[in-house]
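Chemist: Mind looking over this structure? Questions follow.
The values are calculated or read from the model by the stated rules, or taken from the named source; none is laboratory data. Since the model is a prediction, treat every value here as computed from it, not as a measurement. All Cβ positions, glycine included, derive from the backbone under ideal geometry; neighbour counts span all protein chains shown. Note: areas computed on protein heavy atoms with side chains; ligands, DNA, RNA excluded. Shrake-Rupley method; radii C 1.70, N 1.55, O 1.52, S 1.80 Å.
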Amino acid sequence: MRRLETHIPDLIGRMAAGSDGPVAIAVSGGSDSLALMLLADVWARRTGRQLRVLTVDHGLRREAADEARHVADRAKTLGHHAEILRWTPDRRSQQAARTARHKLIARAAQKAGARLVLFGHTRTDIEETLLMRLSRPSSLTGAVGPQPVSVSPVWPDGRGVMLGRPLCGERRDALMAWLRTQRENWTEDPTNESDTYERPRIRKLTACLDTSRLARITADAMRLRAVEDAGLAQALRRHVSVHSSGLIQIDHEPASGRISRRKLSIVLQLASGTDRPVAPQSLQTLNREILDGGPAGRVTLGGAWVQRRGGHVLIGRDPGEVSRQWCDGVWDGRYIAEAGVTQPAEIPFLVRHAVPEAKAWREIMSDRLSLWIETLDLGARLAAELAGAETMAASTRRRG
């Protein structure tokens with residue numbers, strides 16, 4: 001029990017080391033997020049840093065408003081600023097709710113000046129996700145997740161926002177046991193028990209499995225993914241560059257496999273200014289064409305165009321899909337309006353018709369790329385550590 005109160009605040013400190021502003025935390029009121037709020041409170045008191053508690057009234061259940069108020073009240077008793085974010089659902093689906101929740105949280109974090117948002121995902125969540133993804137076509141490294149650190153999944157709402165999951169090494173039952181020692185009560189979401197949804201069905205399946213074996217497989221998958229993420233960060237750092245006009249260049253490299261495909265997926269999202277990954281089959285086809293020396297002419301995919309020039313691959317915005325308007329100071333998810341910025345003296349013909357015209361602007365694709373690299377590096381280091389800690393814990397449980 002003492003390890004939670006030392007280890008988790010230490011992890012939060014490492015995740016928050018890149019900024020000196022407040023840290024935001026998403027709290028639903030369930031056992032995982034409540035435990036994280038209490039442990040983040042320990043970190044905040046030790047460091048003197050501000051903690052901003054964000055809770056979403058998603059409107060999907062009658063009790064949601066009361067649960068959000070309970071979270072806000074508990075946060076205030078700890079001495080932290082709390083904000084209730086409200087969403088009026090137009091589509092009553094879990095995916096729509098997830099996207100809306102991330103957008104609300106990202107915007108609130110940006111408004112508060114928080115670069116890091118903490119979420120309460122646990123090792124139990126990672127094991128469940130692994131089983132869910134392996135039930136469909138997926139590699140072992142592709143099935144493991146979520147990562148200890150990642151970029152916000154919404155863009156441009158999540159611009160500059162990093163997500164941290166310091167509980168990725170902790171099991172849900174251990175967190176519940178710790179909460180009981182603290183005499184804390186948490187909210188139980190009835191959808192977590194409903195067979196209507198895939199995760200509760202998988203949760204019941206895991207109760208029938210060899211938990212030690214599942215833990216070892218998950219730890220192995222986390223280590224493999226950590227190696228892959230570190231390699232991806234290095235490939236992005238070494239081989240991808242962004243021109244001040246917004247033109248992206250990939251240096252040709254004799255690489256293949258998932259790292260090459262994931263690198264291309266990230267670059268296509270950068271060039272298109274979106275958060276929508278390209279369909280795996282289309283991505284694999286284009287990646288294979290690039291590795292074979294193509295494409296011979298310009299091709300479009302995922303809102304971007306791709307063209308080889310000598311030993312480089314150039315990628316820009318598909319002009320037919322450009323959103324030619326400013327929204328909250330962002331243009332097409334790729335540029336920001338910024339007074340006093342010196343624009344490029346010469347804009348390459350390949351991007352000239354896809355850049356803003358009237359305002360002073362600066363491309364933000366390089367900032368987005370830098371944050372992606374930073375989170376991949378940090379997430380890989382933390383995942384490798386947490387995987388090792390789980391292997392030791394599983395070994396201890398077997399001996400016990």
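Chemist: Among Gln147, Gln281, Gln307, which one shows the highest mean-square fluctuation when the chain is modelled as a Gaussian network with alpha-carbon springs under 10 Å?
Modeler: Looking only at Gln147, Gln281, Gln307, the biggest GNM fluctuation is shown by Gln281.
Chemist: With contacts defined as alpha carbon pairs under 8 Å and 6 or more residues apart, what's the relative contact order of segment 1-79 in percent?
Modeler: 31
Chemist: What number comes out for accessible area per residue over segment 265-344 if the probe is 1.4 Å? Units Å², please.
Modeler: Value for segment 265-344: 47 Å² per residue.
Chemist: Please enumerate, by chain and number, the aspartates and glutamates with C-alpha under 18 Å from the C-alpha of Lys103, excluding those fewer than 8 residues away in the same chain.
Modeler: Answer for Lys103, where 18 Å is the Cα cut-off: Asp57, Glu83, Asp90, Asp157, Asp275, Asp328, Asp332, listed by chain and number.
Chemist: Which residue, Ser260, Ser139, Ser28, tops the fluctuation ranking in a GNM of the chain built on C-alpha contacts under 10 Å?
Modeler: With Cα springs under 10 Å in the chain, the top fluctuation among Ser260, Ser139, Ser28 is at Ser139.
Chemist: Near Lys76, which aspartates and glutamates are there with a Cα under 12 Å away, not counting those fewer than 8 places off in the same chain?
Modeler: Hits, sequence-local ones excluded: Asp41.
Chemist: I've got another one for you. Quick one: putting +1 on the C-beta of Lys and Arg, -1 on the C-beta of Asp and Glu, what dipole do you get for the chain around its Cα centre, in Debye to the nearest 20?
Modeler: The calculation lands at about 460 debye.
Chemist: Just want to confirm a number: the relative contact order over the chain, from Cα pairs under 8 angstrom separated by 6+ residues, in percent.
Modeler: Reported as a whole number, the value is 16 percent.
Chemist: Full extension from His7 to Ala360: what is 0.36 nm times the residue separation minus their Cα-Cα distance, to one decimal in nm?
Modeler: Fully extending the segment from His7 to Ala360 adds 122.5 nm.
Chemist: Could you work out how far the C-alpha centroid of segment 233-294 sits from that of segment 126-183, in angstrom?
Modeler: Taking the Cα centre of segment 126-183 as reference, the centre of segment 233-294 is 25 Å away.
Chemist: Does the chain come out rounded, prolate or oblate by the C-alpha gyration tensor, with a ≥ b ≥ c the root eigenvalues, rounded set by a/c under 1.5 and, if not, prolate when a/b is larger than b/c and oblate if not?
Modeler: Prolate.
Chemist: In debye, nearest 20: dipole of segment 268-313 around its Cα centre with unit charges on the Cβ of K, R (+) and D, E (-)?
Modeler: With Lys and Arg at +1 and Asp and Glu at -1, about 120 debye.
Chemist: Also: Rounded, prolate or oblate: pick one for segment 139-188, where a ≥ b ≥ c are the square roots of the eigenvalues of its C-alpha gyration tensor, a/c under 1.5 means rounded, and failing that, prolate if a/b is larger than b/c, else oblate.
Modeler: oblate
Chemist: Summing +1 for each Lys or Arg and -1 for each Asp or Glu, what net charge is found among the other residues whose Cβ lies under 12 Å from the Cβ of Arg362?
Modeler: -1
Chemist: To continue, here is another question. If you roll a 1.4 Å probe over the heavy atoms of the protein chains, what accessible area per residue do you get for segment 91-229, in Å²?
Modeler: Using a 1.4 Å probe on heavy atoms only, each residue of segment 91-229 averages 47 Å².
Chemist: Mind giving me the FRET efficiency for Leu214 and Gln249? R0 is 51 Å, r the Cβ-Cβ distance, nearest 0.05 is fine.
Modeler: After rounding to 0.05, the efficiency reads 0.75.
Chemist: Tell me which of Ile336, Gly310, Ser370 sits at the most positive position along the dipole axis of the chain, charges placed on C-beta atoms (Lys, Arg +1; Asp, Glu -1).
Modeler: Ser370
Chemist: Round to a whole number: what % of the accessible area of segment 115-267 belongs to carbon and sulfur, probe 1.4 Å?
Modeler: Carbon with sulfur: 51 percent of the solvent-accessible area.
Chemist: For the chain, what does -39500 (n - 2.57) per DSSP helix run (n ≥ 4), summed and divided by total residues, give at 222 nm, in deg cm²/dmol to the nearest 500?
Modeler: Values: 13 runs with 195 residues, N = 400.
Calculated at 222 nm, the ellipticity per residue is -16000 deg cm²/dmol.
Chemist: Let me ask something else. Indicate the gyration tensor shape class of segment 277-324 (rounded, prolate or oblate), computed on the Cα atoms with a ≥ b ≥ c the square roots of the eigenvalues: a/c under 1.5 is rounded; otherwise a/b larger than b/c is prolate and the rest oblate. Spell out each step's value before the answer.
Modeler: Values: a/c = 2.80, a/b = 1.31, b/c = 2.14.
It is oblate, given that a/c is not under 1.5 and a/b is not larger than b/c.
Chemist: Right, another one. For the pair Gln325 and Ala96, what calculated FRET efficiency results from E = 1/(1 + (r/R0)^6), where r is the Cβ-Cβ distance and R0 = 35 Å, to the nearest 0.05?
Modeler: Result of the calculation: an efficiency of 0.90.
Chemist: Same structure again: Projecting each Cα onto the charge dipole of segment 96-252 (Lys/Arg +1, Asp/Glu -1 at the beta carbon, about the Cα centre), which of Leu236, Leu140, Ala219 comes out farthest on the positive side?
Modeler: Most positive-ward Cα: Leu236.
Chemist: Would you mind getting me the FRET efficiency between Asp173 and Ser241? Use the beta-carbon distance for r and R0 = 60 Å, nearest 0.05.
Modeler: Step by step, r from the Cβ atoms, then E = 0.80.
Chemist: Ignoring any ligand, DNA or RNA, what whole percent of the accessible area of segment 1-74 comes from carbon and sulfur when the probe is 1.4 angstrom?
Modeler: 46
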